[in-house]
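The values are calculated or read from the model by the stated rules, or taken from the named source; none is laboratory data. Bear in mind that the values here come from a model prediction, so they are computed numbers and not experimental data. So basically every Cβ, Gly included, is an ideal-geometry build from the backbone, and we count neighbours across all protein chains shown. Areas reflect the complete protein model, heavy atoms only, side chains present, ligands, DNA and RNA absent. Shrake-Rupley method; radii C 1.70, N 1.55, O 1.52, S 1.80 Å.
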Amino acid sequence: MSKTTYDTSLVEDLAKLINEHELAEIEYDTEGLRLRVTRIPSSGFLPSAPVIASAPAGVAPATPSSVAQNVQPEAEMKGEAIKSPMVGVVYTAPEPNAAPYVSVGDTVSADQTLFLVEAMKTFNPVKAPRSGKVVRILVTDRSPVEYDQPLLILE
């Protein structure tokens, strides 16, 4: 098996493309080298720097040093994380140019719709499990979400 190496500038170039075009992720695949660079929305509680999902064995992952990380540990967050029930695209409003379902500071009631998650052309409502105050919204409109990904913090 041959050992493939790459120039770290490739990762920096991919990170620049993600930011310039506001993409969620870029995957680069060539013989012996597969990179996936993902951008986490800055409103989230995870690092906003691109993350390398996989690289060939023996090659140390690299990220651009100029990208600052904005991390808030989960332990510091007060409230309950409302999580995505499925993989899909999250919508924060019922239609384009409409007011969002909820905003930070809003008081919501049990079973109130917080978001829609589109999966396979079906829009699935994400509802509040209980009454409470929206402390933080962790996703942006029309961004991809994973199963069990925190979407909102409800106090």
**OP:** Distance check, please: which entries in LYS16/LYS133; LYS83/LYS121; LYS16/LYS127 exceed 26 angstrom between their Cα atoms?
**Re:** LYS16/LYS133; LYS16/LYS127
Original post:
How far, in nm, would the chain grow between ASP148 and ALA119 when pulled straight, counting 0.36 nm per residue and subtracting the alpha carbon separation?
Top reply: 9.0 nm
**OP:** State the extension gain, in nm to one decimal, for the chain segment bounded by GLU95 and ALA81, taking 0.36 nm per residue of separation less the distance between their alpha-carbons.
**Re:** 2.6 nm
Subject >> Pair LYS127, GLU27: separation of 7 Å Cα→Cβ label points (nm) >> reply: 3.5 nm
Original post:
If you count, for each residue, the other Cβ atoms within 10 Å and average over each peptide, how do 115-121, 82-88 line up from highest to lowest?
Top reply: 82-88, 115-121
Original post:
Tell me, what % of the accessible area of the range 78-155 is carbon and sulfur with a 1.4 angstrom probe?
Top reply: 53 percent
